[in-house]
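Asker: Got a structure here, written out as structure tokens. Questions coming.
The values are calculated or read from the model by the stated rules, or taken from the named source; none is laboratory data. Bear in mind the structure is a predicted one, so any value in this text is a computation, not a measurement. Every residue, glycine among them, receives a Cβ derived from its backbone with ideal geometry; neighbour counts consider all protein chains shown.
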Amino acid sequence: MSKDAGSEIAREYKSPLAGELADWNSIRRDLRFVIRSVELALELCTEPLSSPTSDDGIRRLSLWSAALVTYARCFRTGIRRVRLDEGMFLGLGDQTARAIRAHRYFMDQRDRFVAQSANRSEERGVGLTLSDGKVSAIGPYLSREVQQGKRNMRTLRALARTLLAEVIARVNVRQRDLLKEAKMLTPEELAALPEIKWSPAKGDGDVTRRSRSQG
């Protein structure tokens, strides 16, 4: 009797379709991260900020920056072989042009606020305080547009939700196709696949690490 009989064992399977499914699932996780980060930032918008460097100000900026970076990563090249593009907004009909404008705005925000330490959104220099026509004090100043209003936050969340629905559909199709592909493997081919200590995702894109004692 095979040692696999009567038990579930996860084995690593690689193919072009498997790699594509893994990439789409990675994008799905990123979009969920964007949505939740924005939601947490919105929860901190109940009161006006006393200062950008207050605790809430830093939390809001951190969440917003994380959302922007992760959102932009879905559209950029990298280790993933697939990526999102503006064509995914075409299904919105009359709202397509508006969605693309908003998308481009947020991509620009990511580049301006996150990727560059000196950019168009930052004003810095040295100021003089004059008293009776004479210099009485001197000091550097820094003005940076770092906070986003709730309307922009909700817009980014709406874009991410639209994209997530499309990505989930693509994940589901590829998962069905991959299951058919994998079922064509022979018992010998299955037995030769390396065992992994992760349970395969079951519909939600997450995985569960298995303890070594479970085999």
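Asker: Which numbered condition trips up Gly57, out of (1) more than 19 Å from the chain's Cα centre (by Cα); (2) free of Cβ contacts under 8 Å to residues at least 12 places away in the same chain?
Answerer: Result: Gly57 fails condition (2) only.
Yes or no, residue by residue, for (1) within 24 Å of Glu166 (Cβ to Cβ); (2) at pLDDT 95 or above; (3) small (Gly, Ala, Ser):
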site: Leu44; (1), (2), (3): no, no, no
site: Asp55; (1), (2), (3): no, no, no
site: Arg60; (1), (2), (3): no, no, no
site: Ala67; (1), (2), (3): yes, yes, yes
site: Val82; (1), (2), (3): yes, no, no
site: Thr96; (1), (2), (3): yes, yes, no
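Asker: Please identify the pairs in which a residue from region 73-93 that is without any contact (Cβ under 8 Å) to a residue 12 or more places away in the chain has its Cβ atom under 8 Å from the Cβ atom of a residue that is in a loop (DSSP other than H, G, I, E, B), counting only partners at least 6 apart or on another chain.
Answerer: Listed pairs, sorted by first residue: Arg76/Arg83; Thr77/Arg83; Asp85/Phe75.
Asker: Also: Among what's in region 1-42 and is closer than 20 Å to Phe75 by Cα and hydroxyl-bearing (Ser, Thr, Tyr), pick the residue that is modelled with the lowest pLDDT.
Answerer: Ser26
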